[in-house]
1. Sort out for me the helices (runs of 4 or more DSSP H) sitting completely within region A:331-411 that have 1 or more residues that are closer than 30 Å to residue A:262 by Cα and free of Cβ contacts under 8 Å to residues at least 24 places away in the same chain.
2. With the structure loaded, tell me whether residue B:16 is assigned to a helix (DSSP H, G or I), within 11 Å of chain A (Cβ to nearest Cβ) and either under 27 Å from residue A:149 (Cβ atoms) or modelled with pLDDT under 95 (or both) or whether it fails that test.
3. Condition first: part of a helix (DSSP H, G or I) and either within 13 Å of residue A:236 (Cα to Cα) or within 7 Å of chain B (Cβ to nearest Cβ) (or both). Now tell me which residues in region A:151-162 satisfy that.
4. Looking at A:105, A:116, which one is under 19 Å from residue A:33 (Cα atoms), without any contact (Cβ under 8 Å) to a residue 40 or more places away in the chain, surrounded by fewer than 24 Cβ atoms within 10 Å (Cβ to Cβ) and within 23 Å of the chain's Cα centre (by Cα)?
5. What single numbered condition from (1) at the interface with another protein chain (Cβ under 9 Å from one of its Cβ atoms); (2) surrounded by fewer than 20 Cβ atoms within 10 Å (Cβ to Cβ) fails to hold for residue A:185?
6. Which of the following residues is touching a strand residue (DSSP E or B) at 6+ places or on another chain (Cβ under 9 Å) and in a loop (DSSP other than H, G, I, E, B): A:75, A:61?
7. When you check residue A:190 against the structure, is it within 14 Å of another protein chain (Cβ to nearest Cβ) and either at positive phi or modelled with pLDDT of 95 or more (or both), yes or no?
8. Before we move on, is residue A:83 within 30 Å of residue A:478 (Cβ to Cβ), under 24 Å from the mean Cα position of the chain (by Cα) and touching a residue at least 12 places away in the same chain (Cβ under 8 Å)?
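The values are calculated or read from the model by the stated rules, or taken from the named source; none is laboratory data. Source: prediction; values computed, not measured. Because the Cβ atoms are built from the backbone with ideal geometry, glycine has one as well, and the counts that use them run over all protein chains shown.
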């Protein structure tokens, strides 16, 4: 008997995606197709709500479980608290992406809106499944469901050169990195004779360090670092972020990265956390993290296109999150989870404004953000608050997030890395504030106001409220993150 | 009857992987790059089968992994060729270094 509760959110997402494709067949090509939008939105919302039912502490009292981790297929898939937390981030990001999609396709017409929504939901299902994979075949399949769908999403605008180029670059480098990852996995299987992550740890702990194990380790780190765009495996990020449709960029920057970190935590903290290998991958990660923080922040400075700027910014953010990844233990994991939550709201707030502004002005250049404050006060506030939060300025949430991350890194002896992080957070202020300066100080060229729907307005306000509140009162999400982290330790 | 030792398969796999890697890094045409990736994936498959034979033929883990890798590689190739055709229509060629529309 298979325990279907284990992957209930994924079942809901996949069924919704198929339903969208079927419903679309029965609609006239000229209709506005608002029904498929509602199906996509409600399906994702249902998947999000079922997470709280699975956690065993649903505020509405409709618990499906008693809070214990559900598992299926001999424990190959286990939905513990950590997986539920990661799934929550991914599904929230998907909801944001859906909202952006509706606005984006008003000006960027596509004949295939249903296919876009369906592929987006398949991608979210892959990311969601990845977070509960306890075995490397499952992990690989979930990862490929996520990335192959993402290639399609990135190159979705068939008539647009930028989107095509983004898709091709993402595809070639993504396929290459998957091959590296798999080659590493094959040696891990060869050394241990198993693909279950906990069994791998037991088997590796019993054998001395071998060159083959180190080789496998380097391949796996390289392959996965591509997916979360850690330098020096970040070359695809700026081009893909700039060329892909903006909702897809937003999805990649949060959901795809979160799934990548989930895979990292499972593989490295559980599977490869053995005395013979741990110092090697810790060293590798310290270097990758430092390089991402330095390169991401420095290369962001001269950018003129805001999506490209956010691409470099996301490389730097991945570097910050990786510092928390180095502090193995509940403290580091809590900091990492908290920061991802903060990053979600700040980053998606910025991307939502990018979509709304591009819908009106048709431009993604930073100079065209001049005087946004006068054209729409809310957009001005969102840009200021979210960008300052990404830079880590108090009293916003990014500051408390970085405080926990660097604190965890220092407690494990990575003071030099924390210092690099803090120094380059100051550097990052320079380019984040340039955008804010355009929006708040410079006079607008075209003073016509920018209108938005009630839903978009309330989501933007939500982003600001969450970012400010978590800066001064991080307790609620910290408690949630701590509870999630406790399922691993 | 003597059998071929496992390590010979591993040498074959690493050579194939090296050829694929070389193709990915050196070739300019997107299709050739994809062929390089396919070679790398086949090296992975050889590795898995060799290790499956070394550990335990009856456990099926390695063999099953190969089936999944082949399936996913096919899906990836389908998406990849679709994107390359789309690229060719937009740019009139499919050379990786001549497709640069996005800002440098």
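1. Numbers: elements: A:372-375, A:377-391, A:397-411.
The qualifying helices (runs of 4 or more DSSP H) are A:397-411.
2. Numbers: assigned to a helix (DSSP H, G or I): yes; within 11 Å of chain A (Cβ to nearest Cβ): yes; either under 27 Å from residue A:149 (Cβ atoms) or modelled with pLDDT under 95 (or both): no.
Against the criterion (assigned to a helix (DSSP H, G or I), within 11 Å of chain A (Cβ to nearest Cβ) and either under 27 Å from residue A:149 (Cβ atoms) or modelled with pLDDT under 95 (or both)), residue B:16 does not qualify.
3. Looking only at region A:151-162, we keep the residues that are part of a helix (DSSP H, G or I), and these are A:151-154, A:161-162.
Selection gives A:151, A:152, A:154, A:161, A:162.
4. Numbers: A:116 fails: without any contact (Cβ under 8 Å) to a residue 40 or more places away in the chain.
Answer to the check: A:105.
5. (2)
6. On the way: A:61 fails: touching a strand residue (DSSP E or B) at 6+ places or on another chain (Cβ under 9 Å).
The match here is A:75.
7. Numbers: within 14 Å of another protein chain (Cβ to nearest Cβ): yes; either at positive phi or modelled with pLDDT of 95 or more (or both): no.
For residue A:190, the condition - within 14 Å of another protein chain (Cβ to nearest Cβ) and either at positive phi or modelled with pLDDT of 95 or more (or both) - is not met.
8. Details: within 30 Å of residue A:478 (Cβ to Cβ): yes; under 24 Å from the mean Cα position of the chain (by Cα): yes; touching a residue at least 12 places away in the same chain (Cβ under 8 Å): yes.
So residue A:83 passes the test.
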